[in-house]
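What follows is a single structure, written as structure tokens, with notes after it.
The values are calculated or read from the model by the stated rules, or taken from the named source; none is laboratory data. Since we're looking at a predicted model, the values are computed, not measured. Methodologically, a virtual Cβ is constructed for each residue, glycine included, from the backbone with ideal geometry; neighbour enumeration extends over all protein chains shown.
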Amino acid sequence: MEDEIEDFLNENSVCYDRFTFDKIMRFLLENDYSHEDAKDTILYHCSLSQIIFEERIYNGYYRKIEVDQIISEDLLELKNQMFNKLFNNKN
């Protein structure tokens, strides 16, 4: 199992967007990491952008990420806003 986790972290070592961060966090949570241990593991293994530090780590949003969610609520809202903007521009 540790090899699988290490391989996953190596494949996702560059984490510049919130979608990727949440994917990594959920993967670690699914593998019995606590929120704090998952955050620390990501900090150690991944290159992160400023938006990740601000919105996910510094503001503590990583604690709200749950395994049973497909997508975080704030990212779903962002996705819907982008879709609506794109759709409205085509009309």
Of the residues in the range 3-33 that are under 16 Å from Y61 (Cα atoms) and β-branched (V, I, T), the one that is surrounded by the most Cβ atoms within 10 Å (Cβ to Cβ) is I24
Any chance you could count how many residues in the range 1-23 are in contact (Cβ under 8 Å) with a residue 24 or more places away in the chain, in a helix (DSSP H, G or I) and among the β-branched types (V, I, T)?
1
Boolean, Y61 is among the hydroxyl-bearing types (S, T, Y), under 21 Å from I5 (Cα atoms) and out of contact with any His (no Cβ under 7 Å at 6 or more places or on another chain):
no
For E36, indicate whether it is surrounded by fewer than 12 Cβ atoms within 10 Å (Cβ to Cβ), in a helix (DSSP H, G or I) and either of a type in the set (D, E, K, R) or modelled with pLDDT of 95 or more (or both).
yes
If you go through the range 50-71 one residue at a time, do you hit one that is of a type in the set (S, T, N, Q), under 12 Å from the mean Cα position of the chain (by Cα) and surrounded by 16 or more Cβ atoms within 10 Å (Cβ to Cβ)?
no
With respect to I71, determine if the residue is outside any helix (DSSP H, G or I) and either of a type in the set (G, A, S) or touching a residue at least 12 places away in the same chain (Cβ under 8 Å) (or both).
yes
If I filter the range 1-41 down to residues being of a type in the set (V, I, T) and more than 10 Å from the chain's Cα centre (by Cα), which single residue comes out as farthest from S72 (Cα to Cα)?
I5
